[in-house]
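Taking it in order: structure first as structure tokens, then the write-up.
The values are calculated or read from the model by the stated rules, or taken from the named source; none is laboratory data. If you're wondering where the values come from, they're calculated on a predicted model, not measured in any experiment. In this analysis, Cβ positions are derived from the backbone assuming ideal geometry, glycine residues included, and neighbour counts consider all displayed protein chains. Heads up: the accessible areas ignore ligands, DNA and RNA and are worked out on the full protein's heavy atoms, side chains in. Shrake-Rupley method; radii C 1.70, N 1.55, O 1.52, S 1.80 Å.
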Amino acid sequence: MYRPQYAATLAEGNQAAHDLTEALKLAGFSLPSLYGDLPTITDEALVHLGGASAEVVRELAAWIRERA
């Protein structure tokens with residue numbers, strides 16, 4: 001349910017999701033269900049990271065480990 005008082009927070013989450021989408025694209029990854037989400041427990045911006053296959057998540061985890 002959309003709540004007008006969270007418009008700026010939702011926009012912040014959407015921008016963060018967009019930023020991560022662009023960064024992942026540079027690394028050859030895509031998370032199809034990446035989007036900003038409304039705050040739940042806190043008033044902080046959230047990003048929903050779901051929707052990736054287990055194979056993509058494992059590849060992403062391996063890529064991160066190699067570079068960490």
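Round to a whole number: what % of the accessible area of the stretch 24-67 belongs to carbon and sulfur, probe 1.4 Å? Display every interim value, and only then the final one.
Values: 1820 of 3210 Å².
About 57 percent, which is the carbon plus sulfur part of the accessible surface.
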Note to self: Testing the spin-label approximation: label points 7 Å from Cα along Cα→Cβ at Ser33 and Ser53. State their distance in nm.
What the structure shows: 1.5 nm
Check: Helix 7-26 versus the longest principal axis of the chain: what is the Cα-based angle in degrees, 0 to 90, to the nearest 10?
Finding: 10 degrees
Note to self: If I take every Cα pair under 8 Å that is 6 or more residues apart in the stretch 1-44, average their sequence separation and divide by the length, what percent do I get for the relative contact order?
What the structure shows: 53 percent
Item checked: Kirkwood-Stokes translational diffusion coefficient of the stretch 22-68, alpha-carbon pairs, 25 °C, 0.890 mPa s, µm²/s -> 203 µm²/s
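Within a Cβ distance under 9 Å of Thr9, other residues only, what is the Lys/Arg minus Asp/Glu net charge? Please list the in-between numbers first.
Values: positive: none; negative: Glu12, Asp43, Glu44.
Around Thr9, the surrounding residues sum to -3.
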Note to self: Give me the dipole magnitude in Debye, nearest 20, for the chain about the Cα centre, with unit charges on the beta carbon: positive for Lys and Arg, negative for Asp and Glu.
What the structure shows: 140 debye
Check: Of Ile41, Ala7, Ala27, which is farthest along the charge dipole of the chain in the positive direction, counting Lys and Arg as +1 and Asp and Glu as -1 at C-beta?
Finding: Ala27
Item checked: Among Gly50, Gly36, Gly13: highest mean-square fluctuation, GNM of the chain, C-alpha pairs under 10 Å -> Gly50
Checklist line | Spin-label model distance (nm) - Ala16 vs Arg3, 7 Å beyond Cα toward Cβ | finding: 1.7 nm
Checklist line | In degrees, nearest ten, helix 54-67 long axis to first principal axis of the chain (Cα) | finding: 70 degrees
Note to self: Accessible area per residue for the chain in Å², computed with a 1.4 Å probe and the full protein assembly in place, what is it?
What the structure shows: 73 Å²
Check: What chymotrypsin sites (Phe, Trp or Tyr not before Pro) does the chain have in DSSP loop regions with at most 12 other beta carbons within 10 Å?
Finding: Tyr2
